[in-house]
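Worksheet: one structure, shown below.
The values are calculated or read from the model by the stated rules, or taken from the named source; none is laboratory data. This one's a predicted model, so the numbers in the text were calculated from it and none came from an experiment. Glycine gets a Cβ as well: all are built from the backbone with ideal geometry, and neighbour counts include every protein chain shown. What goes into the accessible areas is simple: the full protein's heavy atoms, side chains included, and nothing from ligands, DNA or RNA. Shrake-Rupley method; radii C 1.70, N 1.55, O 1.52, S 1.80 Å.
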Amino acid sequence: MNRNAFPATRDAALSRLTQFAPRAGQAYASGRNTDPGPDQTGAVSKLSPYLRYRMITEQEVVGSTLSHHSLPAAEKYVQEVLWRTYWKGWLEMRPSIWAQYLQERDRCRDNFPNTRAIRSAEAGETGIEGFDDWARELVATGYLHNHARMWFASIWIFTLRLPWALGADFFLRHLVDADPASNTLSWRWVAGLQTFGKTYLATSENIARFTNGRFAPKGLATVATIPTEMPVCAAQPLPKVAHFDAQTPAFLLLTPEDLHPESLLGASTKINGAGMLFDPETLGGDNARAFVAGAVHDAAERVGNNFKCPAHVLNNLDAASLIAQASETGAKQIITAYAPVGPVADALASIAPSLASAGIPLVHIRRAWDERFWPHATKGFFPFKERIPKILQDMGI
């Protein structure tokens, strides 16, 4: 698989979903843990880049899946999609964990003494079978099978004894589907920090079994030493969003957090103009940036077709420039899809006061999917997943 394995268009996402949905039942459940290697498709959907940037939505993916299977038959795949939703909701109610991660990453960058070990691990030069292959595969392709991500994180933390935050940073800098919530919290989970005391310890036997014998690394850690950190704060209420008036002339600001405005906004929404944020500083690394560059242009074309207005690419979020563009179109508000905790949300928060002072408020629109599911991410995933059938039923899915 190469970097071109994920064409950055919504049509490509829909085509992949159409091909995968019939296999989202038993075929997925029985084969989902097997990583056959970068040159084979395996049982997984590989829809994660498209879901990450919401070129397709979770609701579309689950809806398509359940048009082919009953919920019990496709339970494993539906839960896999909802893990992403759960992680986002969990972090949304505990934003300090993201700030804490950034601080830990920077501290380790400045103070971890064995920089040579970090370089060797990132270059795939540790001598550990499998681990080195996954390091090189990640950098080359921007993708790893989910099971390989877990093995890699476990070996990084427990066998190589490297800081988990630097491992999470390595993934964010190279994954096409680099996601602040899923990545940060998954690394925390492997380390034993997310569900405190519950670690994920990779074994040679498990790796050999689920790589079809490709790898059977020797000398892996048999004891998991949990890193130390401050206690996790209690969940806070979800941030409220302001009322959105679809009849007030608006300037649409699209960010990589949601590139499908057609399903976010009604046809009657008065869109006078649009801007597409493509700021490399809000994206993890070259793989994600290359994908999003194409995805933004694909979304711009759809915006023009659906809302009958031009969409300009914005290389950064400059408040003065955004105010000028919105004012030129006659917009009285700037609307954007709600950005969950991460670099884009931080960037939006930094310009909101200037926009408000200019009399052009920044209005966040949160999807119904997130409104329904996020409030239930207060504890672990198992209480969360018990609510999935009822919520899907209430949403008519």
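Within region 83-91, does at least one residue satisfy the condition of being under 29 Å from residue 378 (Cα atoms), open to solvent by 50 Å² or more (accessible area, probe 1.4 Å) and in contact (Cβ under 8 Å) with a residue 24 or more places away in the chain? Checking region 83-91: at least one residue is under 29 Å from residue 378 (Cα atoms), open to solvent by 50 Å² or more (accessible area, probe 1.4 Å) and in contact (Cβ under 8 Å) with a residue 24 or more places away in the chain. Residues of region 5-28 that are touching a residue at least 40 places away in the same chain (Cβ under 8 Å) and small (Gly, Ala, Ser): 5, 8, 13, 21, 24, 25.
When region 92-111 is filtered for residues that are in contact (Cβ under 8 Å) with a residue 60 or more places away in the chain and either under 17 Å from residue 193 (Cα atoms) or hydrophobic (A, V, I, L, M, F, W, C) (or both), the ones remaining, listed by number, are 93, 94, 95, 96, 97, 98, 100, 101, 104, 105. I'm trying to understand the selection: among the residues of region 17-54, which are in a helix (DSSP H, G or I), open to solvent by 20 Å² or more (accessible area, probe 1.4 Å) and closer than 24 Å to residue 88 by Cα? Residues satisfying the conditions are 29, 48.
Summed over region 208-244, the residues that are exposed (fewer than 14 other Cβ atoms within 10 Å of the Cβ), β-branched (Val, Ile, Thr) and under 29 Å from residue 85 (Cβ atoms) give a count of 1.
Residues that are open to solvent by less than 50 Å² (accessible area, probe 1.4 Å) and at pLDDT 95 or above number at least 2 in the following strands (runs of 3 or more DSSP E) confined to region 279-385: 333-337, 362-365. Looking at region 362-381, which of its residues are under 18 Å from the mean Cα position of the chain (by Cα) and basic (Lys, Arg)? Residues satisfying the conditions are 366, 367. Checking every residue in region 29-40 against the condition of being touching a residue at least 40 places away in the same chain (Cβ under 8 Å), of a type in the set (D, E, K, R), touching a Gly at 6+ places or on another chain (Cβ under 9 Å) and farther than 18 Å from residue 137 by Cβ gives at least one match.
The condition of being in contact (Cβ under 8 Å) with a residue 60 or more places away in the chain and closer than 27 Å to residue 233 by Cα holds for only one of 373, 382, that being 373. Of the numbered criteria (1) within 25 Å of the chain's Cα centre (by Cα); (2) farther than 21 Å from residue 323 by Cα, the one residue 268 fails is (1).
Among the residues of region 249-263, those identified as buried (at least 21 other Cβ atoms within 10 Å of the Cβ) and over 15 Å from residue 51 (Cβ atoms) are 250, 251, 252, 253, 254, 255, 261.
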